[in-house]
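Just so it is clear, none of the values below were taken in a lab; they were calculated from the coordinates. Quick caveat: nothing in here was measured; it's all calculated off a predicted structure. Ideal geometry is used to build each Cβ from the backbone, glycine not excepted, and the neighbour counts take in all protein chains shown.
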Amino acid sequence: MPIAKQPQPPGGFRLGTLTVQPDHLPTRVTILSFDPHGALERAVSAPDQTAAGGDGCRWIHIQGMADPKSIDAVAGSLGLTDPVIEGLGESRQRPKTDWIDDTLVVVLRAPHLAARQKSGLEQICIVAGKDFVLTVQETHSDLVRPVWDRILQGHGSIRNAGPAHLCFAIVDCVVDRYYPALEQLGDHLEELEDRVMESFDEGLLGEVNDVRTELVSLRRVSWPQREAIQRLARNENGYFPTELQGPLRDCYDHCLQVAETVDSYRELLGAVNGTYLSVLGNRTNEVMRVLTIMATVFIPLTFIAGIYGMNFDNMPELHSPYGYPLVWAVMLITAAGLVLFFQRKGWINIGWRKQD
């Protein structure tokens with residue numbers, strides 16, 4: 001499967017230069033400010049407004065990456081350094097976890113749920129500081145909406161905790177996104193398996209190849225994402241409090257489970273593909289068997305017709321009044337004898353035998 005190319009800035013540009021891709025969606029910036037007493041959601045028209053904050057925590061959520069100037073302005077208002085800013089504008093990154101100047105940077109990828117798509121994965125970049133969390137999402141989907149609604153409705157302990165708990169909640173939400181996607185994929189694999197066994201479908205191979213493409217994309221992401229979550233669980237810089245160590249390890253276990261499920265689906269897909277090829281081979285053999293039997297029946301008839309089609313005057317049957325019906329009788333008896341022989345051998349079943 002071809003890998004989409006990521007445009008890079010020309011040589012000589014400074015570190016932190018953001019690039020624009022033609023397929024990027026329009027950029028939208030929303031801020032969710034919260035503290036133990038409440039939460040406030042507001043859309044941002046001027047990106048430098050993100051610098052204004054109170055005593056609580058701020059979640060700056062950017063959807064779409066078509067406007068690098070807005071992303072750069074938001075990052076600048078938060079005091080992010082050039083290495084962090086440069087990574088915000090890059091899509092299709094490998095999942096990773098980095099600590100840059102006391103700032104946690106996590107890049108994850110999540111599958112789409114609305115409909116199964118080829119390589120249907122979207123990227124989200126999480127930047128966590130002391131009093132803020134910045135998320136840059138590649139699309140306008142509702143990937144992190146469950147966490148957003150929990151804060152607005154006051155469910156859970158994120159309001160009373162801070163950016164570390166918010167960062168974990170977003171990571172956990174992204175990892176949990178894989179379960180319904182894998183469930184959909186598993187149901188589709190079972191459907192393909194049933195269709196292979198029930199009837200031969202010539203369009204099935206194309207669907208098998210589409211599922212293989214999806215699994216390759218998921219596997220390319222699931223294993224490095226496991227490593228990224230494992231590094232979070234190690235908590236190298238002590239960013240996460242003690243009470244999050246257990247949940248982070250559980251999140252890592254979920255990543256392992258996702259990776260193992262993807263591998264098991266690849267094995268199942270290989271079995272489905274093998275079954276399809278076996279059914280195709282059996283069908284081809286059945287057609288060849290029928291054609292061979294028909295050819296075998298007509299070979300002696302062709303031989304007899306060839307003998308009596310020769311232009312010789314001294315053939316005694318040519319002048320006999322019974323020559324023509326006799327040849328027909330010999331040909332019919334020969335054909336019937338061959339058919340009965342094939343029937344007794346079990347090579348054909350013409351329905352003459354009574355069912356027990």
Tail beyond 24 Å, pair distance distribution of the stretch 202-349 (Cα, percent): 66 percent
What does the extension gain come out to for TRP328 and MET288, with contour length at 0.36 nm per residue minus their alpha carbon separation? 11.6 nm
Given charges of +1 on the Cβ of Lys and Arg and -1 on the Cβ of Asp and Glu, with all other atoms neutral, how large is the dipole of the chain about its Cα centre, in debye to the nearest 20? 640 debye
Please work out the Kirkwood hydrodynamic radius for the chain, using every pair of different C-alpha atoms, and report it in angstroms with one decimal place. 25.6 Å
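By the scheme Lys and Arg +1, Asp and Glu -1, what is the net charge of all other residues having a beta-carbon under 10 Å from that of ILE151? Walk me through the numbers before you get to the answer.
On the way: positive: ARG150, ARG159; negative: GLU41, ASP149.
After counting each charged neighbour, the total is 0.
Note the per residue figure in Å³ for the convex hull of the C-alpha positions in the stretch 145-206.
Working: hull volume 6.4 nm³, N = 62.
It is 103 Å³ per residue.
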Size-normalised alpha-carbon gyration radius of the stretch 239-317, reference 2.2 N^0.38 Å: 2.92
Compute the distance in nm between two label points, each set 7 Å from the Cα along the Cα-to-Cβ direction, one at LYS345 and one at ASP253. 6.2 nm
How charged is the neighbourhood of ALA233? Take every other residue with its Cβ under 14 Å from the Cβ of ALA233, and add Lys/Arg as +1 and Asp/Glu as -1. -2
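May I ask you to derive the relative contact order of the stretch 226-356, considering only C-alpha pairs under 8 Å and at least 6 residues apart, and to give it as an integer percent? Don't skip to the end; give the middle numbers.
Values: 31 pairs, mean separation 23.5, N = 131.
Relative contact order, the stretch 226-356: 18 percent.
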Given only helices, namely DSSP H runs of n ≥ 4 each adding -39500 (n - 2.57), what is the per-residue ellipticity at 222 nm of the chain, to the nearest 500 deg cm²/dmol? -17500 deg cm²/dmol
Starting with the highest mean, order 304-310, 25-31, 326-332 by the number of other Cβ atoms within 10 Å, averaged over the residues of each peptide. 25-31, 326-332, 304-310
Taking only C-alpha pairs under 8 Å that are 6+ residues apart, what is the relative contact order of the chain in percent? 13 percent
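Just to confirm a number: summing +1 for Lys and Arg and -1 for Asp and Glu over residues other than PRO95 whose beta-carbon lies under 10 angstrom from that of PRO95, what do you get? Mind showing how you got there, number by number?
Numbers: positive: ARG94, LYS96, ARG109, ARG220, ARG226; negative: GLU227.
Once all neighbours under 10 Å are counted, the net charge is +4.
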Inter-centroid distance (Cα atoms) of the stretch 122-179 relative to the stretch 240-268, Å: 18 Å
